[in-house]
Amino acid sequence: MIKTALEVAEVLTEALPYIQKHTGKTIVIKYGGNAMVDDALQSSFARDIVLMKQIGLNPVIVHGGGPQIGQLLERIGIKSEFIDGMRVTDSETMDVVEMVLGGLINKQIVNLISRHGGKAVGLTGKDGQLIRAKKVSLKRNSPEANEPEIIDMGHTGDVDTIDPSVVSILDDGNFIPVIAPIGVGQDGMSYNINADTVAGKLAAVLKAEKLILLTNTAGILDKSGKLLTGLKPDQVKQLIENGTIFGGMLPKIHCAMDAIASGVNTAHIIDGRVEHAVLLELFTDEGVGTLLKR
């Protein structure tokens with residue numbers, strides 16, 4: 001019993017300087033992957049967020065939901081199409097995206113935080129003109145054509161501008177913003193935006209202390225499988241050039257490095273499969289992922 005109490009005291013003592021350093025700071029967290037669908041991980045994530053708010057940090061959550069969108073589309077007989085990793089979003093698919101991201105998933109996260117004693121408010125980028133979107137079109141070179149082929153991605157978008165006023169009001173009111181990555185264009189249409197991109201841009205606009213991306217991997221690994229951390233931009237560039245960072249990790253890395261270049265102090269790519277991953281990364285010496293810094 002005494003040993004357990006001492007272990008708890010040691011953990012709290014280790015966390016103290018980190019708590020003091022981050023009090024009053026904004027932390028933007030991209031929530032996705034296994035952490036969103038495993039019951040134990042959902043619960044630990046919600047408790048982490050409530051604790052962060054309770055001790056004076058300002059967590060802002062941006063969530064994804066690609067697998068859940070795909071499952072519902074399959075159930076209603078709409079085929080998912082991807083080009084260069086991006087979902088082609090026609091009008092019918094966009095209706096499903098809004099229903100799943102802005103409705104089902106968003107409210108589940110809000111409810112989960114509420115059950116653990118926090119006060120959360122769900123938003124999409126359409127609320128308060130939070131996210132102005134621009135339509136994405138892809139160019140592809142075709143041997144048969146003299147000019148590149150323009151591929152219409154439908155309602156797939158990118159961030160044009162962000163007005164963080166509504167997020168700041170919620171933070172000041174002791175609420176936790178939970179944001180679905182749906183924006184509205186100048187044409188009044190809704191656009192589906194990559195959640196990592198939204199989280200990175202939002203972190204920059206909010207002048208966040210940290211950007212945290214939850215993933216289904218331990219972080220950035222070297223070619224022997226060892227976790228790398230404390231990386232600076234020139235080191236990241238070398239890891240991309242020598243092929244250590246590749247595939248699905250590249251968009252996350254680019255998002256994180258763009259955020260750091262825009263003024264975010266540090267970015268973290270962490271293992272969302274670990275219970276209480278956010279707290280472990282923020283408040284322990286060892287952490288649970290890859291730290292990227294200026």
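The values are calculated or read from the model by the stated rules, or taken from the named source; none is laboratory data. Bear in mind that the values here come from a model prediction, so they are computed numbers and not experimental data. Here the Cβ positions follow ideal geometry from the backbone for every residue, glycine too, while neighbour counts run over all protein chains shown. Remember, those area values only see protein heavy atoms, side chains included, never the ligands or the DNA or RNA. Shrake-Rupley method; radii C 1.70, N 1.55, O 1.52, S 1.80 Å.
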Within segment 155-179, restricting to residues that are in contact (Cβ under 8 Å) with a residue 60 or more places away in the chain and over 19 Å from ILE29 (Cβ atoms), the one that is least open to solvent (accessible area, probe 1.4 Å) is THR156
Close pairs (7 angstrom Cβ cut-off, 6 or more residues apart or separate chains): at positive phi and crowded, with 22+ Cβ neighbours inside 10 Å in segment 250-271, in a helix (DSSP H, G or I) and β-branched (Val, Ile, Thr) anywhere
none
Across segment 249-283, what is the number of residues that are under 13 Å from THR197 (Cβ atoms) and among the small types (Gly, Ala, Ser)?
3
When residues of segment 213-236 are limited to those that are open to solvent by less than 20 Å² (accessible area, probe 1.4 Å) and among the hydrophobic types (A, V, I, L, M, F, W, C), the one nearest to ASP196 (Cα to Cα):
LEU213
Segment 37-62 - residue that is at pLDDT below 90 and either within 22 Å of LEU202 (Cα to Cα) or acidic (Asp, Glu) (or both) and, of those, most open to solvent (accessible area, probe 1.4 Å)
ASP39
What is the number of the single condition among (1) in a loop (DSSP other than H, G, I, E, B); (2) touching a residue at least 24 places away in the same chain (Cβ under 8 Å); (3) not β-branched (Val, Ile, Thr) that LEU213 does not meet?
(1)
Only one of these conditions is not met by GLY33: (1) more than 30 Å from GLY263 (Cβ to Cβ); (2) open to solvent by less than 70 Å² (accessible area, probe 1.4 Å); (3) in contact (Cβ under 8 Å) with a residue 24 or more places away in the chain. Which number is it?
(1)
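Each row is one residue, and each column tells you yes or no for (1) under 11 Å from ILE182 (Cα atoms); (2) surrounded by 18 or more Cβ atoms within 10 Å (Cβ to Cβ); (3) over 17 Å from the mean Cα position of the chain (by Cα).
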position: GLY64; (1), (2), (3): yes, yes, no
position: LEU72; (1), (2), (3): no, no, yes
position: ARG75; (1), (2), (3): no, no, yes
position: ILE83; (1), (2), (3): no, no, yes
position: MET94; (1), (2), (3): yes, yes, yes
position: LEU101; (1), (2), (3): yes, yes, no
position: LYS119; (1), (2), (3): no, no, yes
position: ARG132; (1), (2), (3): yes, yes, yes
Suppose we filter GLU275, GLU281 for residues that are outside any helix (DSSP H, G or I), closer than 23 Å to VAL60 by Cα and out of contact with any Asp or Glu (no Cβ under 8 Å at 6 or more places or on another chain); which single one remains?
GLU275
